[in-house]
């Protein structure tokens, strides 16, 4: 029941001048379906042309199609006509604004963390569990009258996104995993801008990222778990409950610009990884990587500088698959935290929703 | 049966112009007992004054006491009269030279890896297992006639040294450990000079250090295990055999100058760590840290830049002691790879041997 | 007319929890004359013990002598009895607070920029122009009634301090300089904390530091120029007017933690540099470096990592003295921006003032 | 007299497995005219397939068109049929090999330094002085019998290439320059692989690059000077002799991966820079940047991380054009040392030679 993609779907971006917003704009400006119609920013920037308000930090120049768009405040009225709204808002304002957009019947695909733990909002890594879109009708039915088009979909924390894709590949081939231990070495871009002070990270490792380990442990259960019907007939995320999964994360910040490296433990065979084909690719999402996981054979790969742009940053690198004396298997994962770890995931989620008809276009 | 330290013990340094040799010289120039009498280098440098031959890379200047010492070739004759010889030789030459020095009845304390796996050579982390010096008489008895003063003592790989000290503290309080998983983020100085090319590490992580994981796994068993008598009446390292210990290491190189950060897993309580007093301190080794392990309470410590000089680099930092959902407990270790991880260990080993009378002075 | 230093001079520190304040405290805790009696901070921190309020960022631990000092607000009443007050305040508050302290008859030695351009406040690089203290009586006479003990002395911008010392050495030997061109590569610590975002500087150079070039050009004239009497009989800084000096600065930020490297042009001979003895040393200031300028002969020195701690960071490194095809001579300067470039300068200034009797003790 | 480019020109690459060779291959694999037919390497690699012999260090994967090419030794016989040979050889072997290829009537475009100072070999920055190809017939006439197709063309040192393009733009608009002072902050990739040890550059600046300043000063004169006829009727490079030009360079290595930043002094107006159109663009070289110089208006640009890929690395960034108190004008230049500073220049030189008929195709 795949819907044909229309040639032109009007979209908006919330938090358009921030780091994630800039990534959304860069990706959307080259997108085959989505056309940017509205950009939202803080009241301080609203009313200015995008080019004048933004402190652009990408290696590519500001896309021409947005240079002269006048920034709006982040209110639903300014986004009328947008079929999809992408949110790159900071967590301190995202909750209220995204709720207002949903209530105004807009489809919100958010990179913010505010609704990730909401029991009616799907937390979707597009290369893993887009099937969780199935909870949206229930999310809409909680409103009176029920919403017809408004909903919120979130994507996961960047460090979760990277390491969970190989895990999904392994579960698909070998069934439920029992235990995972993961140690991350995360890039500074994961902290946004200005983010990590240079005095804290040059010639240094910071062995702590506030809240990150808890996020990784909790999000893993929500994403890899299923959606089932509870005794009241309501849909609920089962948090991997039938096959309890223990996850232990240790998160570190290192002096790398882009690309989170993660030393995952527990798994089986590289064939399962290399042949993994997620639904998003099968369905034809244009931003899904042609090949999801590359398994490196060289002993010293993957490395952020050499491998973070695999599949334009939408693919995942795995290497050093080997026996583990304590658990079964261990390997290294490298995922691009600013692409598949952030804006790219929101966009593939939206593509999937379009093809499934969840966003009517 | 502690021997009083004499006021002046003549010592030599092999590989004196290399990175480890420079560290030995810096430490020995300020040492209360040891006096540098001879310096050995490659035939290319032999015959030159130290100051002219060395490409000095330490932040402190070349100590005055060695500037005008004429470098000798690494042959025993040039080190006559030295009670102790420290070896900072590269592995490609250390095996043959150290063996020759031992055969010439010189006591060799080596930072090289060549003899670490020898069943008659102790592998000593001075804050953990100096009791393994007990195997030396057996090592000497293998020669005909038996050696009277010559022997070889090695210290461990820098990444092993750092993380094994907290493990020893835990075993001392709670008995044998069953499983350890450790992920390292190792400094570039651990690779020597020129070592890691800058193009490989700036804005990068290298998730592989050749042979390092095997070394950490194997050395841990030799160091934490005991020395026992086999059925022929010979002493042997038991490799933790009575309480099998599984060790899983994942080693990474990061853009840090000095200080290896390691995310250890499995352990119990911080009191056991903070109160750990190794024999080397109890015996009065002057280079042993007054306080072996500092346990940090701040969530974002230890960090290489802020904590690597704890106890002049001879102490070990532990932080983030917390429950682990998979094993029992996890924590972060930071140890200075160029101090306690290398030259400082050799020196404390020699101090311990002097105080025990193993080196007659 | 040198005054004997008393054994104990009570001092205070303004802005005690900031980066510069932490440096002041580290240096003063080990100082032979000065004893910390009062610490000032923002109203938010006032009332807390120093150890609890500070986010300590130095490699050495917090000195015991200040750990339990209760932070005061930055008002003169809380600093009664202090003979000297060091100011590490941020520029946005330093102006008002320092003026209030002066008016309350306290001697203020400030690292802040606010009063550097004041025509009655000396701008002193202690190894260059402490003779400018001579303007203090005039500064005091501007008040009604004239101040007896209150005054403000500032030290220079860190990039000015480093490169101006070799220039002073050259002027002392060869007379007035006509033209100077200087290109800086400045460390991130010069921007304070949090300062430069890591995303801006890792794998990067920022060829601009706001206001820095103007400061270097202007401050050079004030410092190297003399103090003369104008036609109204008042003292005034002559800004090198009798021998006009053209200064051209190009300032860059690079990924170095501590130590500003500067490529100076114009000069003559290395002997003049190496033999330079500033008045502060001749007078016996205990924090003045025993040897002011080291001239390196190796072609690849000075380097921040190897040379920034020369004379505990109070000395200046010069290297690569060579002919310049356009001006006369060119060379490289390295000075420690957080030592002689900041807090150390304020302290030597205060020492000089004590020895000259400007601060009565 | 422009020759139409043929659709397919067979070319070879010498030193194909090295850093520069990898760049040549990456660029040539996507080139509209040139088709790689032969790859040369050391005897150690010769006989292996390219993919198996190379330690590939580029962010893009090895191009498919070269993966299975069997590496030849660098002898002319193996390159028969190649109209153009690009040389990425190391200087220690380039001299002899390139001479042999020329003698065998092959057209060599070299990135090596060996022939740059040869009085009959043009040293061409393609966006500045491709007219120097005019000396080739004379170079060929020195052989007996004169060569018909063999010759050598070199391009300049990477740091020269970057800063000389704006100077050429200024000379074109305002006539001869009298004096230039330039301070460089050069990327580590300029030193090749393994190149700069990480221990030398992390948290550091190295204020010296052996021979680099002399190269910049000398090459500037050869490139900006003309070709004139001497009294024997022979062509000669005049080294800017009629308008003597003094050049003073200060070269530094900084912790940047790609992109040399240079603080140039002396110049006039930004319009002259922005409107500069080199002959290589006018003639239609496909690899010449559409726009040669971008002049930035923001005060903190250009920066390596944000601007080094301007025009795919073939364009030059200029910023901070401002008055200089000592000379006339100063500005900052950023050029991509691995693109226009190396392989890209050789390729545009070859394109120019093809269009001019110097390489008959």
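A few notes on this one:
- Condition met for residue C:192 (under 30 Å from residue C:57 (Cβ atoms), within 14 Å of chain A (Cβ to nearest Cβ), modelled with pLDDT under 90 and surrounded by fewer than 23 Cβ atoms within 10 Å (Cβ to Cβ)): yes
- Residue match in the range A:223-241 (condition: assigned to a helix (DSSP H, G or I) and crowded, with 16+ Cβ neighbours inside 10 Å): yes
- Matching option when the condition is buried (at least 23 other Cβ atoms within 10 Å of the Cβ) and out of contact with any strand residue (DSSP E or B) (no Cβ under 7 Å at 6 or more places or on another chain), among D:102, D:51, D:23: D:23
- The combined condition, being out of contact with any helix residue (DSSP H, G or I) (no Cβ under 8 Å at 6 or more places or on another chain), within 28 Å of residue B:288 (Cβ to Cβ) and assigned to a strand (DSSP E or B), is fulfilled by residue B:185.
- Any hit, the range D:40-62, residues being at pLDDT 95 or above, assigned to a strand (DSSP E or B) and within 22 Å of residue D:344 (Cα to Cα): yes
- Failed item in (1) at pLDDT below 95; (2) over 23 Å from residue B:162 (Cα atoms); (3) in contact with a helix residue (DSSP H, G or I) (Cβ under 9 Å, 6 or more places away or on another chain); (4) away from every other protein chain (no Cβ under 14 Å), with residue B:81 passing the rest: (3)
- Search result, residues across the range B:201-218 that are without any contact (Cβ under 8 Å) to a residue 12 or more places away in the chain and either at positive phi or touching a helix residue (DSSP H, G or I) at 6+ places or on another chain (Cβ under 9 Å) (or both): B:211
- Restricting attention to the range B:220-247, the residues that are more than 14 Å from chain A (Cβ to nearest Cβ) and either at negative phi or touching a strand residue (DSSP E or B) at 6+ places or on another chain (Cβ under 9 Å) (or both) add up to 19.
- Among (1) within 14 Å of chain C (Cβ to nearest Cβ); (2) buried (at least 22 other Cβ atoms within 10 Å of the Cβ); (3) touching a residue at least 24 places away in the same chain (Cβ under 8 Å) - the single one residue A:198 does not satisfy: (3)
- Any hit, the range B:126-148, residues being surrounded by 20 or more Cβ atoms within 10 Å (Cβ to Cβ), in contact with a strand residue (DSSP E or B) (Cβ under 8 Å, 6 or more places away or on another chain) and free of Cβ contacts under 8 Å to residues at least 60 places away in the same chain: yes
- Of all residues making up the range C:312-351, the number that are farther than 23 Å from residue C:216 by Cβ and within 22 Å of the chain's Cα centre (by Cα): 3
- Extreme residue, surrounded by the fewest Cβ atoms within 10 Å (Cβ to Cβ), among residues of the range D:201-217 that are part of a loop (DSSP other than H, G, I, E, B) and at the interface with chain B (Cβ under 8 Å from one of its Cβ atoms): D:203
- Some residue of the range C:45-61 being free of Cβ contacts under 8 Å to residues at least 24 places away in the same chain, away from every other protein chain (no Cβ under 14 Å) and more than 22 Å from residue C:220 (Cα to Cα): yes
- Among the residues of the range B:302-320, just one is at negative phi and surrounded by fewer than 20 Cβ atoms within 10 Å (Cβ to Cβ), namely B:309.
- Count - residues of the range C:13-24 that are at pLDDT 95 or above and touching a helix residue (DSSP H, G or I) at 6+ places or on another chain (Cβ under 6 Å): 3
- Residue that is nearest to residue C:297 (Cα to Cα) [pool: residues in the range C:254-281 that are facing another protein chain (nearest Cβ under 9 Å) and modelled with pLDDT of 75 or more]: C:261
- Residues in the range C:311-338 that are more than 18 Å from residue C:30 (Cβ to Cβ) and without any contact (Cβ under 8 Å) to a residue 40 or more places away in the chain were compared, and the one that is nearest to the other protein chains (Cβ to nearest Cβ) is C:325.
- When the range B:219-241 is filtered for residues that are over 26 Å from residue B:184 (Cβ atoms) and in contact with a helix residue (DSSP H, G or I) (Cβ under 8 Å, 6 or more places away or on another chain), the ones remaining, listed by number, are B:227, B:234, B:235.
The values are calculated or read from the model by the stated rules, or taken from the named source; none is laboratory data. Since the model is a prediction, treat every value here as computed from it, not as a measurement. Neighbour counts run over all protein chains shown; Cβ positions are idealised from the backbone, glycine included.
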